[in-house]
Amino acid sequence: MLTPILASLLLPLLLLCRISFCQYSSDQCSWKGSGLSHEGHTRDVEQVYLRCSQGSLEWLYPTGAIIVNLRPNTVSQAATRLSVCIKPSADSRGTNIYLDRNGKLRMLLREQDQTQGKVQCFNILEGSLFIEAVPHMDISRRITLFQYELVSDRLAHSQSAPCQPCSDAEMLLAVCTNDFVARGSIKKVEQEEEHSSVTVEISRLYRQKSQVFVSGGVRVRSWKGHIKMPLQCGVKSGEGEFLFTGMVRFGEAWMGCAPRYKDFLRLYHEAEQQGTNPCHVDTD
């Protein structure tokens, strides 16, 4: 039997569990919760705070609503030039997702839109996410699930922006700052619904943020992968080597600057002689 002293110590802990940890789990990057904690309180609105550059949200059996506040973990003027991009799972359902700015709601994704899995981006100053459960008789099959990333405004719109050649300065900077840098050739180009998928074979992998390029084996020093580009870029397969650079978004590689390798080599050596290279690249 619990002593009165031990019981008095455990009671606040149990209450804390009921209020927070028993309802959801959060590590400031990702959040997982259940609408069952709102049972009998379907009008409850819960505040969720996420403070990472990327993560996910999973809301089981949604009832009521949650407000998701997405913020970078550092405060600076550059943060105002960030966009939030969310990519719903094809299995996501049960809610409508709005942008909430000072109590004014703007529809971002209807329940039926989420199954398409399309990326939606908005500037971080446009507000928080207001996720409202859609009333259903049976909520057992309803789960709202999406990934999010905080990216620069320029990158957020790169998938739909017209393709423009990179300047010399942009090309050199891309080699230093992009998520992947690789030397290789284009093997195939496939036109998909909203973008082109470029199959590449890599002979020299300088850097990759995640495993977007897969090794051909221990004895084969080559990698293969796919890089996406907007349809309007009109990329075609061709001979010769290129230097592929770009960003990784939701596990997919998106093309940035991609000069022919010989052109990059000339530009790099010229900048090296002038002392204007932003970083060193092993070109041997």
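The values are calculated or read from the model by the stated rules, or taken from the named source; none is laboratory data. Here the structure is a predicted model, which means the values were calculated and not measured. Counting neighbours? That spans all protein chains shown, and the Cβs are built from the backbone with ideal geometry, glycine included.
A few points about this structure:
- Test: residue in the range 189-204 that is part of a loop (DSSP other than H, G, I, E, B), under 23 Å from Pro72 (Cα atoms) and at pLDDT below 90: no
- Selection of first residues in the range 233-258 that are closer than 18 Å to Ala169 by Cβ and of second residues that are among the hydrophobic types (A, V, I, L, M, F, W, C) and assigned to a loop (DSSP other than H, G, I, E, B), restricted to Cβ pairs under 7 Å at least 6 apart or on distinct chains, gives the following pairs, ordered by first then second residue: Leu243/Ala258; Thr245/Cys257; Thr245/Ala258; Cys257/Cys166.
- Meets criteria (touching a Cys at 6+ places or on another chain (Cβ under 6 Å) and either part of a strand (DSSP E or B) or modelled with pLDDT of 95 or more (or both)) for Glu132: no
- Subset of the range 205-221 that is of a type in the set (Lys, Arg) and not in a strand (DSSP E or B) - its residue that is farthest from Val119 (Cα to Cα): Arg219
- Only one of the numbered conditions (1) modelled with pLDDT of 95 or more; (2) out of contact with any Ser or Thr (no Cβ under 9 Å at 6 or more places or on another chain); (3) more than 13 Å from Tyr148 (Cβ to Cβ) is not met by Asn102, and that is (1).
- The single condition from (1) within 18 Å of the chain's Cα centre (by Cα); (2) assigned to a loop (DSSP other than H, G, I, E, B); (3) not polar (S, T, N, Q) that Tyr49 fails is (2).
- Across the range 260-283, not a single residue is classified as at pLDDT 90 or above, surrounded by 12 or more Cβ atoms within 10 Å (Cβ to Cβ) and under 30 Å from Gln147 (Cβ atoms).
- Residue satisfying condition, being surrounded by fewer than 16 Cβ atoms within 10 Å (Cβ to Cβ) and assigned to a loop (DSSP other than H, G, I, E, B), within set Lys224, Lys236: Lys236
- Residue within the range 115-131 that is loosely packed, with under 14 Cβ neighbours inside 10 Å, within 17 Å of the chain's Cα centre (by Cα) and closer than 19 Å to Ser30 by Cβ present: no
- Entry remark, the range 113-129: residues being in contact (Cβ under 8 Å) with a residue 40 or more places away in the chain, under 20 Å from Trp254 (Cβ atoms) and in a strand (DSSP E or B) number 1 in total.
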